[in-house]
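One structure is given here, and the rest of the page talks about it.
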Amino acid sequence: MANKDRRARFNSNPVAEVRSFSSPASSTSSLAPSPGPPTPPLLPNVAFNSPAHSPNLAPYHSPPHPRVYTPSPIPQAHALPFIPPAPLTPGVYIHPALAAPSLRYDMRSHPTHSNPPLSSAVLATPASCPPLPSLALRVGDLPWLFTVLPDARHSPGNAFVTVQDVLVAIYFHLRIAVKGDEYEAMSKARKAEIFRAFESRVSTDAIQRGKGLRRIDFVGGRFRAQGLVRAQSKDSVWDVVITN
């Protein structure tokens with residue numbers, strides 16, 4: 001029969017039958033596999049000169065810092081009135097005799113004409129200008145604030161604080177007994193320092209020892225007041241500068 005010789009035949013390399021569709025010329029090329037993309041030519045050995053050494057280029061300069069953008073003011077229908085800012089500190093000046101570092105007062109003793117060396121006229125002078133009915137003070141770095149008020153026993157009829165009022169108030173403020181929780185709030189090293197100051201102050205005086213710790217035991221041996229300066233944290237408070 002004629003159909004006996006009809007058999008299916010398969011190419012041993014089917015990939016070779018695939019034609020390239022990139023161009024007409026490639027369609028008539030050999031059916032052999034493509035050898036792959038050509039190797040690119042080597043780059044020439046080029047030496048790059050820096051701008052500073054190049055004769056044809058200007059030297060390089062770093063760009064300037066960008067300017068800060070400042071927005072234009074919003075136009076107003078009417079000009080706003082100028083309101084001056086409130087002063088940070090009130091216009092109060094302390095008496096020169098009390099201003100640091102001119103004061104020489106040993107706070108261990110009650111103020112007298114020799115401690116500090118001030119005349120009766122100066123002691124009766126207002127402690128501030130303008131004269132004030134009260135002054136808030138703090139001694140050194142102690143945590144207690146106190147207020148000085150006019151003392152009628154020293155300046156009868158005065159409605160303002162005098163120089164003597166300030167000195168007497170400092171003295172009695174440091175004689176206030178210390179509470180237990182105030183002492184316990186201190187560190188171990190601070191407690192030891194306070195106890196040494198207490199022992200040095202009372203020595204063998206049984207009466208003073210029985211009264212216990214006083215605030216003067218917290219000044220750490222800095223018994224001399226040099227004067228007053230305005231506190232940085234509060235405008236209405238004056239710090240008493242103390243030293244050894």
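The values are calculated or read from the model by the stated rules, or taken from the named source; none is laboratory data. The structure presented is a predicted model; accordingly, all values stated were derived computationally and were not measured. Cβ coordinates were reconstructed from backbone atoms using ideal geometry, including for glycine residues, and neighbour counts include every protein chain displayed.
A compact table of results
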read-out	value
Boolean, residue 105 is surrounded by 13 or more Cβ atoms within 10 Å (Cβ to Cβ), under 23 Å from residue 228 (Cα atoms) and not small (Gly, Ala, Ser)	yes
Sole exception among (1) closer than 13 Å to residue 167 by Cα; (2) among the aliphatic types (A, V, I, L, M); (3) at pLDDT below 50 for residue 103, by number	(3)
Residue within the stretch 213-222 that is farther than 29 Å from residue 102 by Cα and free of Cβ contacts under 8 Å to residues at least 40 places away in the same chain present	yes
Number of the exception - residue 194 against (1) modelled with pLDDT of 90 or more; (2) assigned by TED's automatic domain parsing to the domain that holds residue 227; (3) among the hydrophobic types (A, V, I, L, M, F, W, C)	(2)
